[in-house]
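Each reported figure results from applying straightforward, stated rules to the coordinates on display, with no laboratory input. Bear in mind that the values here come from a model prediction, so they are computed numbers and not experimental data. Glycine gets a Cβ as well: all are built from the backbone with ideal geometry, and neighbour counts include every protein chain shown.
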Amino acid sequence: MEASVGRMVPVMTDQMRRGNIARVCVEEYCELPVDKDGFKGSIPDIKHMIPFSPFSFYIQRKLFIQNMGHALVAYLGKLKGYIFIWQAIGDPHIRLTVMKAMQNSAVSLSREHKVPLDTILAYIDDLVYRFGNKLLEDTINRVGHDVKRKLSASDRLTGAARLCMNHGIFPSNICLGIAAAMHFDRNIQKERPERILEEICLMQQGDPLKEKILEFYQQIENRVNINRMMEEAWDFNQAKAVC
C-alpha cells in the first residue's frame, strides 16, 4: 500500500530518548493519504487516513509543495545566515517567496489533477505554520543537504519548476531557490553552474528557466541584496502572469 507521509520529526536528542531508545517524537500533523486503488474489497475506516485516486496527486503534492518549499526555506535561509528553519520562515521576505513558489505549484497541480485549488492553498497555509515550529529544531543544513539530488530533473525543485512551465506559469521564485541552492555549500560552489543546470537539472541552451537561474546566480555572486532579489522574483512572476 503506497502512502504519502508528510509528518515532520525533530532531531531526536538523548534526552528525548531517555527511558526508551526506540521513542520517536512527531509534530501534531496526522493526515495520511493512501492509494485508494491499492485496496481489495472494502476500505477500512481508519482515523486520519485519506484514500485517494489517482494517488500521483498526493505524491506530487508532497514533493512539489512540501519538499520544494522546505528546500527553498533552507537555501534562502542559508544566504541570510540563519541556522534553523523556524528562523528562516519567520523572515517576511523568505516566507512570502516560499509561499509564492508553493502557490505556483498549487495552481499547476490543480490544473494537472483537477483538484480544487482552495484545498491545496489551505495545505500551504498549514505548511508555513508547521515550518515555524521551534520544537522541531530543524536546521538549515539538515534540510538543505544533498543538493545535487534535490536539484535533479524530477525532484522537488527542477521538477516543480518544470510542472509550472507545463501549465503556463513561470516559477521565478523557484528559480531563485535553485540559484541559492548552487551556493549552499563548498562542494556545490566548486561546480560550474552551467554544468549543474545542464547535467543534473537537464536544462538545455535557450531554456528560459536556465537563463533566469543563471541571472539570479550571478546576482548572488555579485552580492546583490538578497531581499531585493526576492522582490525581483515576486515582480517577475507577477509580470509573467499578467502576460
The relative contact order of segment 56-242, taking Cα pairs under 8 Å that sit 6 or more residues apart, comes to a percentage of 26
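Quick check: convex hull over the Cα atoms of segment 101-194, volume per residue in Å³, rounded to an integer? Walk me through the intermediate numbers first.
Numbers: hull volume 9.7 nm³, N = 94.
Per-residue hull volume (Cα only) is 103 Å³.
Of the listed peptides 173-182, 114-123, 225-234, what is their order by residue-averaged count of other C-beta atoms within 10 Å, with the highest listed first?
On the way: 173-182: 28.4, 114-123: 13.5, 225-234: 17.1.
Output ranking for 173-182, 114-123, 225-234: 173-182, 225-234, 114-123.
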Per 10 angstrom bin, beginning at 0 and ending with the bin that holds the maximum distance, the Cα pairs of segment 56-242 fall in percents of 10, 41, 38, 10, 0
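Using a 10 Å cut-off around each Cβ, can you sort 209, 157 from fewest to most neighbouring Cβ atoms? Don't skip to the answer; put the middle values down first.
Numbers: 209 22, 157 28.
Fewest-to-most Cβ neighbours within 10 Å comes out as 209, 157.
Listed highest first by mean packing, meaning other Cβ atoms within 10 Å per residue, what order do 88-100, 130-142 come in? Provide the component values of the computation, followed by the final result.
Working: 88-100: 20.6, 130-142: 16.9.
Per-residue mean Cβ counts within 10 Å order the peptides as 88-100, 130-142.
Of all the Cα-Cα pairs you can form in segment 169-216, what percent are over 13 Å apart? Please report the intermediate quantities before stating the final value.
Values: 595 of 1128 pairs.
Percentage above 13 Å: 53.
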Restricting to aspartates and glutamates and to Cα separations under 19 Å from residue 114, and discarding same-chain partners fewer than 8 apart, the set is 35, 37
Filtered hits (lysines, Cα-Cα < 21 Å from residue 190, offset >= 8 within chain) -> 78, 80, 148, 150, 210, 212
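In terms of the ratio Rg/(2.2 N^0.38 Å) built on C-alpha atoms, what value belongs to segment 157-243? Intermediate values should be presented prior to the final figure.
Details: Rg = 12.5 Å, N = 87, 2.2 N^0.38 = 12.0 Å.
This ratio for segment 157-243 stands at 1.04.
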